[in-house]
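Working notes, beginning with the structure itself.
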Amino acid sequence: MTTKSAEKSKYKKMTMSPQEYQAFAKSREPARPVLKNCLKAFLVGGCLCLIGQAIQDFFGYAFDMTPIEAGNPTVAILILISVILTCLGVYDKLAQWAGAGSAVPVTGFANSMCSAALEHRSEGMVLGVGGN
């Protein structure tokens, strides 16, 4: 008849130290295309800023505003565009592809607010959209 200690000794120890686990996890981690991701973020963020500058120049030219006066309607238009693209599902796909480049402060903030509202709309307008 075998004893319990003899049975336990034939099984391999399955616990790892934290250092062993870190080394194991690092060996299994896929390589990240850092340069490619940085290039995509730079291009998309630059395009969003270019669109904002074009809108500001339009307000300055069409309505004879100074750059400071044209700032407020420019921000409002960028927020509107961001919210519309978020509602259509386009901004989320752009953000998935571009990463941090889509987080330009005005459009990224508008996207995060609109996404939260869309996510909680099933709970109702007051408790879902307004509360969350």
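The values are calculated or read from the model by the stated rules, or taken from the named source; none is laboratory data. Predicted, not measured: the structure shown is a model, and the values here were computed from it. A quick note on method: Cβ atoms are made from the backbone with ideal geometry, for glycine too, and the neighbour counts reach across all protein chains shown. Just so you know, the surface numbers come from the protein's heavy atoms only, side chains and all, with ligands and any DNA or RNA stripped out. Shrake-Rupley method; radii C 1.70, N 1.55, O 1.52, S 1.80 Å.
From the list Lys40, Lys36, Lys4, which one is modelled with pLDDT of 90 or more, open to solvent by 90 Å² or more (accessible area, probe 1.4 Å) and basic (Lys, Arg)?
Lys36
On the given criteria, is Ala70 touching a Gly at 6+ places or on another chain (Cβ under 9 Å) and within 27 Å of Arg32 (Cβ to Cβ)?
no
Can you report the number of residues in region 42-73 which are assigned to a helix (DSSP H, G or I) and over 24 Å from Ala95 (Cβ atoms)?
So the answer is 13.
Restricting attention to region 55-65, which residues are on the phi < 0 side of the Ramachandran plot and open to solvent by 70 Å² or more (accessible area, probe 1.4 Å)?
Once the filter is applied, which keeps residues that are on the phi < 0 side of the Ramachandran plot and open to solvent by 70 Å² or more (accessible area, probe 1.4 Å), region 55-65 yields Asp57, Phe58, Tyr61, Phe63.
Just to be sure I understand the filter: pairs with C-beta atoms under 6 Å, separated by 6 or more residues or on different chains, first member in region 78-101 and farther than 18 Å from Cys38 by Cα and in a helix (DSSP H, G or I), second member modelled with pLDDT under 95 and β-branched (Val, Ile, Thr). Which pairs pass?
From region 78-101, the pairs are Leu78/Val106; Leu78/Thr107; Ser82/Thr107.
Scan region 75-98 and give yes if some residue there is of a type outside the set (Gly, Ala, Ser), farther than 22 Å from Glu119 by Cα and open to solvent by 50 Å² or more (accessible area, probe 1.4 Å), otherwise no.
Yes: region 75-98 contains one or more residues that are of a type outside the set (Gly, Ala, Ser), farther than 22 Å from Glu119 by Cα and open to solvent by 50 Å² or more (accessible area, probe 1.4 Å).
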